Ligand code: SF4
């Protein structure tokens, strides 16, 4: 391994802190991605910028004016068709199938996670594993059903070993998510976890700071809560997640139930 320069050490330290904020404490170093080019906090704050180490290929997506001429069903079908058997980023290599997103295309609430896990990769649907069951419970606790909401992820292919999707992978895939948001037009997006929140908002901040507020986001609103997988690891945070969902319900003028009856 090449010795790190002081600047690279500083950048690496910032990146380690970024992932610690996400609850990730194990790291590996890829030989093809020099650490000297690791993200700085400034760069992390603008997630749309590309990494020079792994510049994503330009993403070709259909223009929204064309999609706007279509029904929601046809528009979502067009986005899916545009994704095709996508090989635009390295996540295509080990996935079994693309997990596009699912749910009510007229939903008021759209949940967005970071990416598919093993169960999702196998079934082709988002949030169907243990985390998905917990998300269903969270949705039910709001007095609605999974069929009432739309669910998608920032990246549509499972990162190997369930690692966190890298920034260039998020940059490459997220235009499709943005199109899904444009078509569904939810009244609010609930970002599940720091990866989704940071990618959508372009902010590099702690979950403690990201939660607890309603953001203006692309002609709609956005709130941040914990990812169900994190809540499975630390169930004590479920009460905090419930506060986030109560905030969302109040924002939408929904009746706020007393609280979830089960985990
Ligand atoms: S994660 Fe997104 S951009 Fe990457 S291969 Fe899958 S569909 Fe394509």
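Quick note: the coordinates plus some simple rules give every number you see, no bench work behind them. Just so you know, these numbers come straight off a predicted model, no measurement behind them. Cβ coordinates were reconstructed from backbone atoms using ideal geometry, including for glycine residues, and neighbour counts include every protein chain displayed.
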To one decimal place, what orientation-averaged projected area in nm² is obtained for the convex hull of the Cα set of region 64-252?
9.8
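What does the convex hull of the Cα atoms come to per residue for region 173-243, in Å³?
Per residue, the Cα convex hull of region 173-243 comes to 95 Å³.
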By Cβ neighbour count within 10 Å, fewest first, 60, 72 rank 60, 72
Arrange 170, 89 by Cβ neighbour counts within 10 Å, fewest through most, would you?
89, 170
Take each of the peptides 183-192, 76-85, average the number of other beta-carbon atoms within 10 Å over its residues, and list them starting from the highest.
183-192, 76-85
Neighbour-count ranking for 225, 172 (other C-beta within 10 angstrom, fewest to most) reads 172, 225
With T = 37 °C, eta = 0.692 mPa s and Kirkwood Rh from C-alpha pairs, the Stokes-Einstein D of region 109-212 in µm²/s is about 233
What distance in nm separates the simple spin-label points at residue 216 and residue 66, each placed 7 Å from Cα in the Cβ direction?
3.1
